[in-house]
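See below for the structure under consideration.
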Amino acid sequence: MGEEELHQLIDGCVKQDRKSQKMLYKAFYGFSMGICLRYASNRSEAAEVMNQGFFKVFNHIDRFDTQRPFKAWLGRIMMNVSIDYYRANLKMAYTEDLDKAEHLTDGELVDRNLNYEDLLAMVQQLPQAYRTVFNLFAIDGYSHEEIGDMLNISAGTSKSNLHKARQKLKYMILKADEAANNNTNYNRGMDYNSIVAMCGSDIKNAFFSNGIRK
């Protein structure tokens, strides 16, 4: 979508034009869903959060500065709504039985050719507290101090949740490798699915460089 067309849609949304709202929704559905999927435990939950996000977008679009990138503004809203949903509906769970994963070390993990959908499914299996911190730190680039402010937890708790998320993901990746030896779809050179805010190859790099290894 060109900038001129985008600005026309935004102008229409400011005027509460339903057709413009529908077209903007359709144009940025994949981008917005991708962000919400990373924070949600399943697609149904992600869709609910995304629709709440678009409700906020349409209610506050008159505040959008057209000199700034629209995607960045939209993405921030979707992320904030995802975090709000988490705080409103789920209790913070800081501990979990990770005995099977705690013994793993970075050196034991080799980068694998997991496709994006596999990686996303693994993140969605994380407990909500771990998943939220993992996304904010490893994918969205926030510091532990910033995450603490956003989630009303200490920076130390954020670091602890990130550590446990990494260990859990390592364990799941190693289990996926075991499945690969039994002729599953892992490591077969499947194409990465770039359906979301970050393309599959980029998010894979983030998983291994920021999310798991450090």
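The values are calculated or read from the model by the stated rules, or taken from the named source; none is laboratory data. Keep in mind that what you see is a predicted model, and the values were worked out from it rather than measured. Quick reminder, even Gly has a Cβ in these numbers, built from the backbone with ideal geometry, and neighbours come from all protein chains shown.
Structure summary
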| read-out | value |
| --- | --- |
| Helices (runs of 4 or more DSSP H) within segment 109-214 that include 1 or more residues out of contact with any helix residue (DSSP H, G or I) (no Cβ under 6 Å at 6 or more places or on another chain) and either surrounded by fewer than 16 Cβ atoms within 10 Å (Cβ to Cβ) or modelled with pLDDT under 50 (or both) | 116-125, 144-151, 155-180, 200-206 |
| Residue selected from segment 24-70 under the condition part of a loop (DSSP other than H, G, I, E, B) and within 14 Å of residue 120 (Cβ to Cβ), by the criterion nearest to the chain's Cα centre (by Cα) | 40 |
